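Notes to accompany the following structure.
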């Protein structure tokens, strides 16, 4: 039996390719994308190019003022903290709710297994299963609006992750270990403890990235974990 084929519009296909090039670093912070250039590169009409650009503007990957050229967003320390604070609000409450029913989503378990298998691989390979781990927890609540709210952050979160991994700011083994502990706390019904560990998990990444961007890191950057040996 043939597999299901999903039709993708030209606008979505172009946006997906541009998104991939942004995440890979090919289109770096501040890179300009004009409608004319996009139309020429992909051999499409300017309205199609414009729609593709606007799709990425809506995702937070491109910044475009009125009558101005779109640019790949340049995240600074304040932006990074805003992104991670929004994540923490959503994810912490989700962990508490999952812990009430001790619901450990299999998709999150598998994502963490995939991270464990990548411990000796390229740092950037961690991004996809790491993001899948967190989105699986969000989706497990079964609330469409919460999932949609979280996905509105995904583009900017991935940009942060690309910077973190490309700069080797976090140890993959620690990411996997803290994910595993979060799952164990959910299964034990300890929602507050899971949320507290999540804050530490996200805070370490956030503040190390802030420091790498030239900002003043908070104490979370140097927080030591008991989950890994010295």
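First check a/c for the stretch 75-114, with a ≥ b ≥ c the square roots of the eigenvalues of its C-alpha gyration tensor; if it is under 1.5, answer rounded, and if not, answer prolate when a/b is larger than b/c or oblate otherwise.
oblate
Before rounding to the nearest 500, sum -39500 (n - 2.57) across all DSSP H runs of length at least 4 in the chain and divide by the residue total; then give [θ] at 222 nm in deg cm²/dmol.
The helix-only estimate for the chain comes to -21500 deg cm²/dmol at 222 nm.
Once you've got the GNM for the chain with C-alpha springs shorter than 10 Å, pick whichever of 111, 195, 173 has the biggest mean-square fluctuation.
Sorting by GNM fluctuation, first place goes to 173.
May I ask for the distance between the Cα centers of the stretch 52-122 and the stretch 158-230, given as a whole number of Å?
14 Å
Of 39, 177, 88, which is the most mobile in a GNM of the chain whose springs link Cα atoms less than 10 angstrom apart?
Per the Cα network of the chain with a 10 Å cutoff, 39 tops the list.
Residue 82 versus residue 9, label points 7 Å from Cα toward the beta carbon: distance in nm?
2.7 nm
Does anyone have the angle between helix 106-117 and the longest principal axis of the chain? Alpha-carbon axes, 0 to 90°, nearest 10?
90 degrees
Looking only at 164, 53, 146, which one moves most when the chain is put into a Gaussian network model with springs between Cα atoms under 10 Å?
146
For the chain, find the longest principal axis of its Cα atoms and tell me its angle to the long axis of helix 10-24, 0 to 90°, nearest 10.
60 degrees
How far apart, in nm, are the 7 Å Cα→Cβ label points at residue 26 and residue 57?
The modelled label-to-label distance comes out at 2.3 nm.
Estimate the FRET efficiency between residue 227 and residue 68 by the formula 1/(1 + (r/R0)^6), using the beta-carbon distance for r and 45 Å for R0, to the nearest 0.05.
According to the calculation, E is roughly 0.45.
Using the eigenvalues of the Cα gyration tensor, what equivalent ellipsoid semi-axes result for the stretch 77-217 when each is taken as the square root of five times the eigenvalue, whole Å, largest first?
23, 17, 14
Sorted by packing (mean other beta-carbon atoms within 10 Å per residue), highest first, where do 214-223, 127-136 land?
The packing order, highest mean first, is 127-136, 214-223.
Give, in nm to one decimal, the length gained when the segment between residue 41 and residue 188 is fully stretched (0.36 nm per residue of separation minus the Cα-Cα distance).
Extending this stretch completely gives an extra 47.6 nm.
Specify the angular offset, from 0 to 90 degrees and rounded to the nearest 10, of the alpha carbon long axis of helix 191-212 from the longest principal axis of the alpha carbons in the chain.
50 degrees
All of the numbers you see were taken from the coordinates with simple rules; none came from a lab. In this text the structure is predicted, and so the values were computed from the model without any measurement. Heads up, the Cβs are rebuilt from the backbone with ideal geometry, glycines too, and the neighbour counts pull from every protein chain shown.
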